[in-house]
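For reference, the structure discussed in these notes is given below.
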Amino acid sequence: MPEPSNRPLGERTNFLLSQLGFHTASRFTERLVGLGIQPNHFGLLMHLAQGEGRTQQQLAEALGIHRKVMVGLLDDLEQRGLAERRRHPADRRAHAIHLTEAARTLLPEAVAVADAEEEELLTGLDGDERRQLLALLQRVAEHSGHPRGVHPGMRGKIAMPGA
């Protein structure tokens, strides 16, 4: 059995990524509360904004989440008035998912929240360092088998503080 490493936690990549991930996820969740959404709602709204009219099944497959989780997320967005299910024009058994006008108003505000959180997190880095960090993190994520643009938190509900 190999001897345990004596490296301090602050010199372990996995610890630092976990620490920063927890910190930024908590802050992002807190900041979105004022908009009435959670990070998983934000992720789904961003995917919808990139291509409306997909079916629930297509969205679930694209995001790698169970269809029942997708139904719950869409139910939440519908109850908040941010998404609507319409009969799919090519398949009467399916629903096409569309953003509402309320979502089109909310989404720029949510993106501004995400941008502000990222700016705060990266304050100590210049533009070249930010681009380098992003490229390295993308490589690590891809090597780990995580599809680009799909957060593992989308697979289930994330508790909203005070809810």
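The values are calculated or read from the model by the stated rules, or taken from the named source; none is laboratory data. Quantities reported herein were computed from a predicted structural model and do not represent experimental measurements. Counting neighbours? That spans all protein chains shown, and the Cβs are built from the backbone with ideal geometry, glycine included.
Would you confirm whether any residue within the range 19-27 is surrounded by 13 or more Cβ atoms within 10 Å (Cβ to Cβ), under 14 Å from the mean Cα position of the chain (by Cα), modelled with pLDDT of 90 or more and under 30 Å from His88 (Cβ atoms)? No, that holds for no residue.
Here the range 36-62 is the region considered, the condition is being under 21 Å from Arg93 (Cα atoms) and assigned to a helix (DSSP H, G or I), and the residue that is modelled with the highest pLDDT is Leu48. Could we say that Glu120 is loosely packed, with under 15 Cβ neighbours inside 10 Å, under 27 Å from Arg54 (Cβ atoms) and not β-branched (Val, Ile, Thr) here? So Glu120 fails the test.
Across the range 90-123, the number of residues qualifying as of a type in the set (S, T, N, Q) and under 22 Å from Glu78 (Cα atoms) comes to 2. If the condition is being out of contact with any helix residue (DSSP H, G or I) (no Cβ under 8 Å at 6 or more places or on another chain), in contact (Cβ under 8 Å) with a residue 24 or more places away in the chain and part of a strand (DSSP E or B), then the range 63-87 contributes no residue at all.
Close contacts from the range 35-50, counting a first residue that is crowded, with 22+ Cβ neighbours inside 10 Å and a second that is in a helix (DSSP H, G or I) and among the hydroxyl-bearing types (Ser, Thr, Tyr), with Cβ to Cβ under 7 Å and a gap of 6+ residues or different chains, come to Gln38/Thr29.
Of the residues in the range 56-69, at least one is touching a strand residue (DSSP E or B) at 6+ places or on another chain (Cβ under 8 Å), surrounded by 14 or more Cβ atoms within 10 Å (Cβ to Cβ), of a type outside the set (Gly, Ala, Ser) and at negative phi. The residue that is modelled with the lowest pLDDT, counting only those in the range 111-162 that are among the basic types (Lys, Arg) and over 24 Å from His66 (Cα atoms), is Arg139. Determine whether Glu84 is in contact with a His (Cβ under 7 Å, 6 or more places away or on another chain) and either among the hydrophobic types (A, V, I, L, M, F, W, C) or surrounded by 11 or more Cβ atoms within 10 Å (Cβ to Cβ) (or both). In short, yes.
When Ile97 is tested against (1) without any contact (Cβ under 8 Å) to a residue 24 or more places away in the chain; (2) part of a strand (DSSP E or B), just one condition goes unmet, and that condition is (1).
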